[in-house]
1. Residues of segment 164-201 being in a loop (DSSP other than H, G, I, E, B) and either outside the structural domain of VAL147 (by TED's automatic domain parsing) or out of contact with any Ser or Thr (no Cβ under 7 Å at 6 or more places or on another chain) (or both), which ones?
2. I need a count of the residues in segment 217-240 that are closer than 13 Å to ASP160 by Cα and over 16 Å from the mean Cα position of the chain (by Cα).
3. Being within 17 Å of GLY92 (Cα to Cα), small (Gly, Ala, Ser), modelled with pLDDT under 95 and part of a loop (DSSP other than H, G, I, E, B), is that true of even one residue in segment 232-243?
4. For ALA127, work out the one condition from (1) of a type in the set (A, V, I, L, M); (2) farther than 19 Å from ALA196 by Cα; (3) outside any loop (DSSP other than H, G, I, E, B) it doesn't fulfil.
5. Tell me the residue from ALA117, ALA100, ALA96 that is part of a strand (DSSP E or B) and without any contact (Cβ under 8 Å) to a residue 40 or more places away in the chain, please.
6. Surrounded by fewer than 20 Cβ atoms within 10 Å (Cβ to Cβ) and charged (D, E, K, R), is that true of ASP160?
7. Scan segment 244-259 residue by residue and report those that are assigned to a strand (DSSP E or B) and either within 30 Å of ALA213 (Cβ to Cβ) or touching a Gly at 6+ places or on another chain (Cβ under 8 Å) (or both).
8. Is there a residue being in contact with a Leu (Cβ under 6 Å, 6 or more places away or on another chain), within 23 Å of MET112 (Cβ to Cβ) and either surrounded by 16 or more Cβ atoms within 10 Å (Cβ to Cβ) or among the aromatic types (Phe, Trp, Tyr) (or both) anywhere in segment 246-257?
Amino acid sequence: MARKQSRSGQSRSGQGRSGQRKGRSPRGKGASKRAIRLRWLGALVLLAIIGSGWGWWVKSHWQPARAEYPVQGVEIGLGTSDVDWTAIRAVGADFAYLEASSGAFARDGAFMSNFEAARAAGLTLGALHHYDPCQPADKQAANFVTVVPRDAAMLPPAVDLSALSDDCPQPVSDAAVVSELMTFLNQIETHTGKAAILKLSPAFESRYHIAHAINRNLWLSRDLLAPDYAGEPFTLWTANSALLSPASEVPLRWVVVQR
């Protein structure tokens, strides 16, 4: 009888263990589901990383179609001296705007060397001034005309309008900004013999409404999508502000002409 009770006890003990194993089964299934969810989450994160990398690659190499914008070029900033103009011409640049001066005092010491090398490579050239609303218009104009030669073959001068008057040492009213800008334009246009192009930033246009206040051709900027913030058609468009190209070690500002 003792042996039977022992076997019976063992049987009940085994059933107990079996019951315990069955009791752990839902937890095992839950762990399995969590593992599957984690795998899916990892796959989604990986796809997001790949998609982000692909998007960055497309943006950094994108240029508008030649069929829609046949004339394309570059903008070269102040102090850029090591430029392979032959390579830039080879990747499709027809023209270049060189930043010649900024405010009343800053000048690009490499302007003339870049000018001559770019022209020798077959590009048409234009000069750009970075306008500072805190500084007198006549001094800025004098700075620009000191650097930029009178040359009938050059493109119209361009004026970068991105700096606001908020940080000026002395307060400058919005009306004074527009008035001084007109003085500057009159003086550089007398020097070059051509009406200037206004390179408007969204912030400058939103603040001073220059597109309607001053009748000049516009140069607008927005990566990938044609800009419309001025409420007027543009002549030039910076379509990619950071184009990666074998022609340059640093990203290029790629500009197209509206037909």
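1. So in segment 164-201, the residues in a loop (DSSP other than H, G, I, E, B) come out as 164, 168-173, 193-196, 201.
Within segment 164-201, LEU164, CYS168, PRO169, GLN170, PRO171, SER173, GLY193, LYS194, ALA195, ALA196 qualify.
2. 2
3. Pass one, segment 232-243, residues within 17 Å of GLY92 (Cα to Cα): 236-243.
Going one step further and asking which of them are small (Gly, Ala, Ser), we end up with 239, 241-242.
The next check asks that each one be modelled with pLDDT under 95; those that pass are 241-242.
This time we only want the ones that are part of a loop (DSSP other than H, G, I, E, B), so: none.
Checked against the condition, which is being within 17 Å of GLY92 (Cα to Cα), small (Gly, Ala, Ser), modelled with pLDDT under 95 and part of a loop (DSSP other than H, G, I, E, B), segment 232-243 yields no hits at all.
4. Unmet condition: (2).
5. On the way: ALA117 fails: part of a strand (DSSP E or B); ALA100 fails: without any contact (Cβ under 8 Å) to a residue 40 or more places away in the chain.
Step by step, each of ALA117, ALA100, ALA96 is checked, and only ALA96 is part of a strand (DSSP E or B) and without any contact (Cβ under 8 Å) to a residue 40 or more places away in the chain.
6. Values: surrounded by fewer than 20 Cβ atoms within 10 Å (Cβ to Cβ): no; charged (D, E, K, R): yes.
For ASP160, the condition - surrounded by fewer than 20 Cβ atoms within 10 Å (Cβ to Cβ) and charged (D, E, K, R) - is not met.
7. Residues of segment 244-259 assigned to a strand (DSSP E or B): 252-257.
Once the filter is applied, which keeps residues that are assigned to a strand (DSSP E or B) and either within 30 Å of ALA213 (Cβ to Cβ) or touching a Gly at 6+ places or on another chain (Cβ under 8 Å) (or both), segment 244-259 yields ARG253, TRP254, VAL255, VAL256, VAL257.
8. The answer is yes, given that some residue of segment 246-257 is in contact with a Leu (Cβ under 6 Å, 6 or more places away or on another chain), within 23 Å of MET112 (Cβ to Cβ) and either surrounded by 16 or more Cβ atoms within 10 Å (Cβ to Cβ) or among the aromatic types (Phe, Trp, Tyr) (or both).
The values are calculated or read from the model by the stated rules, or taken from the named source; none is laboratory data. Remember, predicted model here, so these are calculated numbers, not experimental data. As a convention, Cβ positions derive from the backbone with ideal geometry for all residues, glycine included, and neighbour counts pool all protein chains shown.
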